[in-house]
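Working notes, structure below.
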């Protein structure tokens, strides 16, 4: 779990740096791409509760499953942001 927490923290730092570098238009494109990824997930697996997702972000001590979800979500954000900011579109999300 400590390794997963470290990965989450590193992705969070990377995300903050990329958000700081991105233009408003790049952030909007990132949001559109992430919305498409979420929509595809919803079609395949059903709705995602915004209340539970929000609670997970605010959890002071997430369990193993929550930490995995948080880390993977932050990894997706970093990958999409990096692709948009650099113009490279090759990493799968």
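The values are calculated or read from the model by the stated rules, or taken from the named source; none is laboratory data. Since this is a predicted model, take the numbers as computed values, not measurements. Positions of Cβ are generated from backbone atoms using ideal geometry, with glycine treated the same way; all protein chains shown enter the neighbour counts.
For the reader, a short list of remarks on this structure follows.
- Residue 70 vs. criteria crowded, with 16+ Cβ neighbours inside 10 Å, closer than 19 Å to residue 12 by Cβ and touching a residue at least 12 places away in the same chain (Cβ under 8 Å): yes
- When residues in segment 1-28 are screened for being farther than 14 Å from residue 74 by Cβ and either modelled with pLDDT under 95 or touching a strand residue (DSSP E or B) at 6+ places or on another chain (Cβ under 6 Å) (or both), 3 of them pass.
- Cross-chain or 6+ apart pairs with Cβ under 8 Å, segment 44-58 first and within 17 Å of residue 68 (Cα to Cα), then modelled with pLDDT of 85 or more and assigned to a helix (DSSP H, G or I): 48/38; 48/41; 48/42; 56/66; 56/69; 56/70; 57/70
- Verdict on residue 49 being closer than 15 Å to residue 73 by Cβ, out of contact with any strand residue (DSSP E or B) (no Cβ under 9 Å at 6 or more places or on another chain) and exposed (fewer than 14 other Cβ atoms within 10 Å of the Cβ): yes
- Boolean, residue 31 is modelled with pLDDT of 90 or more, within 15 Å of the chain's Cα centre (by Cα) and surrounded by 10 or more Cβ atoms within 10 Å (Cβ to Cβ): yes
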